[in-house]
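Just so it is clear, none of the values below were taken in a lab; they were calculated from the coordinates. Quick caveat: nothing in here was measured; it's all calculated off a predicted structure. Note: ideal-geometry Cβ built from the backbone for every residue, glycine included; neighbour counts use all protein chains shown.
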Amino acid sequence: MADIARETGLTLGTVSRALNSEGKYAIAPETRERVMATAARLGYRPNLIGRALAAGTASLILLISPDPFAPYYVELSRHLSIHAAQDGFTFVSGGTLPQGGGVGIPANDWLYGVDGMVVCDYLPHQEAYIAEALRLKIPLVGLGVRHPFPTDYVKVDLYAAAKDLLEHMVEAGSRHLAIMSGPGIEPGDPRWTAFQEVTAKHGMPATQLPAANQSRASGRNAVVDGFAAKAPIDGLFCENDILAVGAYRGLVDLGISVPDQVLLAGCDGLEDTLYQAMPITTIAQPFDRMCETAWKMLRNRIEGNQDPHRLVEISASLLARASTSR
């Protein structure tokens, strides 16, 4: 700044105010342009680390999820990042990496330096991050199906849409529904609850195809193994869209026609389901509304809002496509 002041003949204070990227100070436009042009000519670049130390904020938000690389959580991260960027914040993904033997950065290393945290789909191994954030009084917002801790929370209601989907599959001719799920699904999960209720209502066995993990390959393998055992399935509801895409691959490999022989559906509303050879029915989660709500809650806490914690419920909806239409 001293170099710029010398080159322009302005005071150091005027140069400092002109370089302020947030426009907090009243500076004549021609003065600001003159300072910026000189800064560019001299190769001036702001030191973001120094700025964060001086301001006491890094404008960083930590996103914790079961798998930061899974398409569903990538989509959530994308929408959260768009809303945060409009307010000058950046999202970073952290936590224990999946299928890595517990490899990850310790909670205390992640949390020092962030201004807030969003936890998506709480799992027990995330508890250390939550406890540390609460201890440090870092603003925290939850997002997902489960509501396990006392903070602001955006709860996604899948129950009604799952029930609509399963009844839709029955109306389309399914007489033996099955659900495909990974190891993370719990008895109280709304998808599992809806499945049990609909199969009981129509006198069907509650058949489950277990998937080893949440991946396309596991979806395919679960289908191949299940149908090799001669399971009389004519309708398959997958816990999420990634499993559904893998299941579709498995059905094609086995020469089983979708939807003529087996109706197929997923859950989440990921774009991949639309671009299969047979577009796959899904339960669409309103990503933008979910993420906008979560971000507004978090931003309010960062700004010092001390109101009682809020729980906002947002419902998903059935998106019927060719894979369940005969």
Which value, in Å to one decimal place, does the Kirkwood hydrodynamic radius take for the range 159-284 when every pair of different Cα atoms is included? 14.0
Give me the one-decimal nm value for the distance between modelled label points at H202 and V224, 7 Å along each residue's Cα-to-Cβ direction. 2.9
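Would you work out the charge dipole size for the range 159-284 about its Cα centre, treating the Cβ of every Lys and Arg as +1 and the Cβ of every Asp and Glu as -1, and quote it to the nearest 20 debye? Show your work: numbers first, answer last.
Numbers: 8 positive and 15 negative charges, 65 e Å.
Magnitude of the dipole: close to 320 debye.
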What residue among A212, G226, Q306 has its Cα farthest toward the positive end of the dipole of the chain, where the charges are +1 on Lys, Arg and -1 on Asp, Glu, each on the Cβ? Q306
Using a 10 Å cut-off around each Cβ, can you sort C238, C120 from fewest to most neighbouring Cβ atoms? C120, C238
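Summing -39500 (n - 2.57) over the DSSP H runs of n ≥ 4 in the chain and dividing by its residue number, what mean residue ellipticity at 222 nm do you reach, to the nearest 500 deg cm²/dmol?
Values: 12 runs with 133 residues, N = 326.
For the chain, the value works out to -12500 deg cm²/dmol.
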Segment D157-D87, extension gain: residue separation times 0.36 nm, minus the distance between their alpha carbons: 22.4 nm
Work out how much length E303 to A320 would gain on full extension: take 0.36 nm times their residue separation and subtract the Cα-Cα distance, in nm to one decimal. 2.0 nm
Taking every C-alpha to C-alpha distance in the range 2-46 and binning by 10 Å from 0, the per-bin percentages run 31, 62, 7
Dimensions of the chain along principal axes (Cα, Å, largest first)? 84, 40, 35
Derived scalar couplings ³J(HN,Hα) [the range 254-266; Karplus, 6.51 cos²θ - 1.76 cosθ + 1.60; whole Hz; x for Gly, Pro]: 7, x, 9, 7, 10, x, 4, 9, 9, 7, 9, 8, x
Of F149, M169, A133, whose Cα points farthest to the positive end of the dipole of the chain (charges on the beta-carbon: +1 Lys, Arg; -1 Asp, Glu; origin at the Cα centre)? A133
So how many Å³ per residue does the convex hull of the Cα atoms of the range 220-326 work out to? 116
Cα→Cβ-extended label distance, 7 Å offset, between R41 and V74, nm: 4.5
Burial ordering of L236, L251, L143, fewest other beta-carbon atoms within 10 Å first: L251, L143, L236
Among T31, T90, T193, determine the one that fluctuates most according to a GNM of the chain built with springs between C-alpha atoms less than 10 Å apart. T31
About its Cα centre, how strong a charge dipole does the chain have in debye, to the nearest 20, once Lys and Arg get +1 and Asp and Glu get -1 at the Cβ? 660
Given points 7 Å out from each Cα along the Cα-Cβ axis, report the M1 to A217 separation in nanometres with one decimal. 5.4
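To the nearest 20 debye, what charge dipole does the range 2-46 have about its Cα centre, counting +1 at the Cβ of each Lys and Arg and -1 at the Cβ of each Asp and Glu? List each step's numbers first, then the result.
On the way: 7 positive and 5 negative charges, 13 e Å.
The calculation lands at about 60 debye.
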Amide H neighbours of A178 under 5 Å, at least 5 residues apart or on other chains, H built in the peptide plane: list them. G235, L236, F237
Treat the count of other C-beta atoms within 10 Å as a stand-in for reagent exposure and order F287, F89 from fewest to most. F287, F89
